[in-house]
1. Would you confirm, using the coordinates I've provided, whether Gly58 is small (Gly, Ala, Ser), under 13 Å from Asp103 (Cβ atoms) and part of a helix (DSSP H, G or I)?
2. Quick check on the stretch 78-111: of everything there that is among the acidic types (Asp, Glu) and in a helix (DSSP H, G or I), which residue is surrounded by the fewest Cβ atoms within 10 Å (Cβ to Cβ)?
3. Any chance you could count how many residues in the stretch 123-145 are open to solvent by less than 50 Å² (accessible area, probe 1.4 Å), assigned to a loop (DSSP other than H, G, I, E, B) and either at pLDDT 90 or above or not charged (D, E, K, R) (or both)?
4. Answer yes or no: is there a residue in the stretch 112-122 that is in contact (Cβ under 8 Å) with a residue 60 or more places away in the chain, among the small types (Gly, Ala, Ser) and open to solvent by less than 80 Å² (accessible area, probe 1.4 Å).
5. Is it the case that Val56 is β-branched (Val, Ile, Thr), at negative phi and exposed (fewer than 14 other Cβ atoms within 10 Å of the Cβ)?
6. Quick check on Leu33: is it modelled with pLDDT of 90 or more, within 16 Å of Ile116 (Cβ to Cβ) and either open to solvent by 40 Å² or more (accessible area, probe 1.4 Å) or of a type in the set (Gly, Ala, Ser) (or both)?
7. Return yes or no: is Val51 out of contact with any Gly (no Cβ under 9 Å at 6 or more places or on another chain) and surrounded by 16 or more Cβ atoms within 10 Å (Cβ to Cβ)?
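The values are calculated or read from the model by the stated rules, or taken from the named source; none is laboratory data. Computed from a predicted model, the values in this text were never measured in an experiment. When we count neighbours, we look across all protein chains shown, and the Cβ atoms used for this are built from the backbone with ideal geometry, even at glycine. The protein model used for the area step is the full one, side chains on, heavy atoms only, and it has no ligands, DNA or RNA in it. Shrake-Rupley method; radii C 1.70, N 1.55, O 1.52, S 1.80 Å.
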Amino acid sequence: MKKNFWAPLLGGLAAAALVLAVLAAVLLIDAGLLRLLGVRCASFGWLFLYVLAAAVIGLPLELLTNGLTGALFQLGWATRRQANFFFIPLDTLCSVFAFWLADVLLEPVEANALAIVVVGLVSALVSQPIGKAREKGGENREDGD
């Protein structure tokens, strides 16, 4: 049986293009929000690079916060709502640290603290690490929903 070489290659390229498109959309939204909140930069390209650097720096921190809140929920130490409420300030602090570090590394961008905190908080509020589908066995746990 002869396998088609092009099908998996085109499928992989399509998946990669989709992931890059979603990443670019998120980066553009963050960069636009930062620009509206008064971040000064040499050009929009530098601002886009700033947000990309913050995303790369913040990736390990985001994995840590998602893992920690997921572990608290899976071990039964927190309900879904408690774990998500714990995630919001933790993820906000990690995002603020990542944006601050990117601000230190990239001199053409001058970010103010308010803009960094607002973007970190919006990012934390938009992402919900523990959805209803992750609950154990699909059963409803008592968490006040």
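1. On the way: small (Gly, Ala, Ser): yes; under 13 Å from Asp103 (Cβ atoms): yes; part of a helix (DSSP H, G or I): yes.
In short, yes.
2. Here is the first cut: in the stretch 78-111, the residues among the acidic types (Asp, Glu) are 91, 103, 107, 110.
Right, trim to in a helix (DSSP H, G or I) and you get 91, 103.
Numbers: Asp91: 24, Asp103: 20.
By that ranking, first place goes to Asp103.
3. So the answer is 4.
4. yes
5. Working: β-branched (Val, Ile, Thr): yes; at negative phi: yes; exposed (fewer than 14 other Cβ atoms within 10 Å of the Cβ): yes.
Yes.
6. Details: modelled with pLDDT of 90 or more: no; within 16 Å of Ile116 (Cβ to Cβ): yes; either open to solvent by 40 Å² or more (accessible area, probe 1.4 Å) or of a type in the set (Gly, Ala, Ser) (or both): yes.
So Leu33 does not fit the description; no.
7. Numbers: out of contact with any Gly (no Cβ under 9 Å at 6 or more places or on another chain): yes; surrounded by 16 or more Cβ atoms within 10 Å (Cβ to Cβ): yes.
Against the criterion (out of contact with any Gly (no Cβ under 9 Å at 6 or more places or on another chain) and surrounded by 16 or more Cβ atoms within 10 Å (Cβ to Cβ)), Val51 qualifies.
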